[in-house]
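Let me begin by presenting the structure, written as structure tokens, before commenting on it.
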Amino acid sequence: MTDPREDDLRTTYDAVEDELAKLTATEHAKQAERPGTRSHAALAHKAKDHAERLRQTATVEAQIADELEADPGRRPS
């Protein structure tokens, strides 16, 4: 039987990858816009939201990884 934390770690890893891809695409689109336009501002706001979700998801991923590293044999009850 696998540790459910390993599944959680994989899920958060995938979420980090997804948010990073979204942030990268948004930043690329933002760079194609002229600064000061509504479109540029909207993309900047969207990039900020993606960056915050990326930060939060990476924090959860790190916590789960630290937990597994500290006690790899523990089974949650």
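Here is how the numbers come out for the structure above:
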quantity: Label point distance in nm, THR2-ALA44, each placed 7 Å from Cα along Cα→Cβ; calculated: 4.3 nm
quantity: Acute angle (nearest 10 degrees) that the helix 4-32 long axis makes with the longest principal axis of the chain, alpha-carbon atoms; calculated: 10 degrees
quantity: Per-selection Kirkwood Rh - the chain (Cα, Å, 1 d.p.); calculated: 14.1 Å
quantity: Helix-only mean residue ellipticity at 222 nm for the chain, each DSSP H run of n ≥ 4 adding -39500 (n - 2.57), per residue, nearest 500; calculated: -29000 deg cm²/dmol
quantity: Partners for LYS46 among aspartates and glutamates (Cα-Cα distance below 12 Å; same-chain residues under 8 apart left out); calculated: GLU19, GLU27
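No value in this document is a laboratory result; all are computed from the given coordinates. This one's a predicted model, so the numbers in the text were calculated from it and none came from an experiment. Neighbour counts are summed over all protein chains in view; Cβ atoms, including those assigned to glycine, are modelled from backbone coordinates with ideal geometry.
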